[in-house]
Amino acid sequence: MRATAEANPNIALIKYWGKADVELNLPVTGSLSLTLDAAPTRTTVALDAGLDADEVVLGGAVLSGRPAQRVERFLDLVRAASGRTEHARVDSVNLIPTGAGLASSASGFAALAAAAAAAYGLDLDGRALSRLARRGSGSASRSIFGGIVRWHPGDDAASFAEPVDAPGLDLAMVVAIIAAGPKSISSTEAMNRTTATSPFYAGWAESTPRQLDEMLEAIAHADFTAVGELTESNSLRMHATMAAAWPPVRYPTAASVALLDATRDLRADGIEAYATMDAGPNVKVLCRPADAARVEARLAEVDPTADFLSARAGEGVRLIDE
Ligand code: 2P0
């Protein structure tokens, strides 16, 4: 009747951008990510037969409107699956800035899925938990697992994430937090606009599965350079596709571009670093763990106002004993 779970954010190396089914959150293409060992979300779900509506608290503040409805609709799915009808109190703490393109909805819905499933008495394996988390937020399907994770496209039954073996591949991610303010347009709206209006979307949908196959091959061979090049290329393709939507969706700012240039300059200096960006201005740089401090120092020189988070591969969702 009460459970607490923790989940970490993940950063996609091959991106999810576009839904084949908006209601079920089925992606147009597969994607692949690295779960980080930083900035978890911790969520408690407690059933309370005395409540006549769900109560959702995020970072100490009561949620209302759309964000609260999104959680309530998610809990409706869990109630339908469990046969229980009680409403719940949800208390969630996000240790990263919410809505800043730092994948907080991924850690958030992964933690909520695990805590709600346990509180309502559902016994789900990783696959079923990933499918459930997907309904809250597509990228949350991947934060169920640790390390490198692949999320499959397909119908409701087939679209789950699973971990990918990556022997001998040691990755670090330096996250440059340029602006912690809320993003200009939600990723859900931005991807729906991109699929509906960008003439380049067909090219994205056609080439991303190929890049995903190449990425799996690179991972199997622990080919760090190929992993990095595919990561940077896939991110640039995604942002080019959405820049061609109308009205255009453009997340990179001048500060982001300066850090993309700095990453290219690092490579010219012999430090292998590759940039990726999501639905916000922040820049995440993939590098070898031994180079992370130097990468961060160079990026900080270029943007002294940025905050930094340095991460490695982290674990999947877990229930926490209270
Ligand atoms: C990703 N992003 O693969 C991509 C790359 C942002 C850019 O998944 O509508 O919050 O809740 O399924 O998962 C962010 O979008 O979107 C995202 P919904 P989500 O990480």
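Bear in mind these aren't lab numbers, they're just calculated from the coordinates by the rules spelled out. Everything numeric here is computed off the predicted structure, so don't read it as measured data. We place every Cβ from the backbone using ideal geometry, glycine too, and count neighbours over all the protein chains shown.
Looking at the range 20-117, the GluC sites (Glu not before Pro) that sit in a DSSP loop and have at most 11 other Cβ atoms within 10 Å of their own Cβ are Glu23. The HN-Hα couplings worked out from phi for the range 251-259 by the Karplus form 6.51 cos²θ - 1.76 cosθ + 1.60 (θ = phi - 60°) are 8, x, 9, 4, 5, 5, 4, 4, 6 Hz, whole numbers, x standing for Gly and Pro.
The radius of gyration of the Cα set in the chain, together with its Dmax, comes out at 19.0, 63 angstrom.
Axis of helix 187-197 versus longest Cα principal axis of the chain: the two differ by about 70°, to the nearest ten degrees.
Based on the mean of other beta carbon atoms within 10 Å per residue, what is the order of 158-168, 188-198, 233-243, most packed first? Write down the numbers at each step before the final one.
Details: 158-168: 16.4, 188-198: 17.9, 233-243: 20.3.
The densest-packed peptide leads the list: 233-243, 188-198, 158-168.
Taking Cα atoms of the range 172-312, Rg/Rh with Kirkwood Rh, to two decimals? Intermediate results must be reported in sequence, preceding the final value.
Numbers: Rg = 15.4 Å, Rh = 15.8 Å.
Rounded to two decimals, Rg/Rh equals 0.98.
Considering only alpha-carbon pairs that sit under 8 angstrom and 6 or more positions apart, the relative contact order computed for the range 32-154 is 36 percent. Compute the helix-to-body angle for 104-119: its Cα long axis versus the longest principal axis of the chain, expressed 0 to 90° and rounded to tens. That works out to roughly 30 degrees. Taking Cα atoms only, the orientation of helix 292-302 departs from the longest principal axis of the chain by about 80 degrees.
Pairs of Cα atoms nearer than 8 Å and 6+ residues apart set the relative contact order; for the chain it is 25 percent. Taking 20 Å as the cut-off, the amide N atoms of the range 119-150 that come nearer than this to a point 7 Å along the Cα-to-beta-carbon line of Asp37 belong to 143-150. Close amide H partners of Phe308, meaning residues 5 or more places away or on another chain with modelled amide H under 5 Å apart, are Ile177.
Taking other C-beta atoms within 10 angstrom as a stand-in for reagent exposure, His221, His152 fall in the order His221, His152, fewest first. Size of the dipole of the range 1-154 about the Cα centre, Lys and Arg at +1 and Asp and Glu at -1 on the beta carbon, nothing else charged, in debye to 20? Dipole size: approximately 500 debye.
The fewest-to-most ranking of Phe74, Phe200 by surrounding Cβ atoms within 10 Å reads Phe200, Phe74. With contacts taken as Cα pairs under 8 Å and at least 6 residues apart, the range 166-322 reaches a relative contact order of 39 percent.
Please give the charge dipole size of the range 209-259, origin at the Cα centre, charges +1 on K and R Cβ atoms and -1 on D and E Cβ atoms. Round to the nearest 20 debye.
Working: 3 positive and 6 negative charges, 75 e Å.
The calculated dipole for the range 209-259 is roughly 360 debye.
Distant-in-sequence amide contacts of Gly316, defined by a placed amide H-H separation under 5 Å and a gap of 5 or more residues or a different chain, comprise Gly146.
Can you compute the charge dipole magnitude of the chain about its Cα centre, using +1 on each Lys and Arg Cβ and -1 on each Asp and Glu Cβ, nothing else charged? Give it in debye, rounded to the nearest 20. Can you show the working numbers first?
Values: 29 positive and 40 negative charges, 119 e Å.
Charge dipole, the chain, about its Cα centre: 580 debye, nearest 20.
Between the listed residues Ala113, Ser64, Asn10, the Cα displaced farthest toward the positive end of the dipole of the chain, a dipole computed from Cβ unit charges relative to the Cα centre, is found at Ser64. With distances taken between every two different alpha-carbon atoms, the range 1-129 has a Kirkwood hydrodynamic radius of 15.3 Å.
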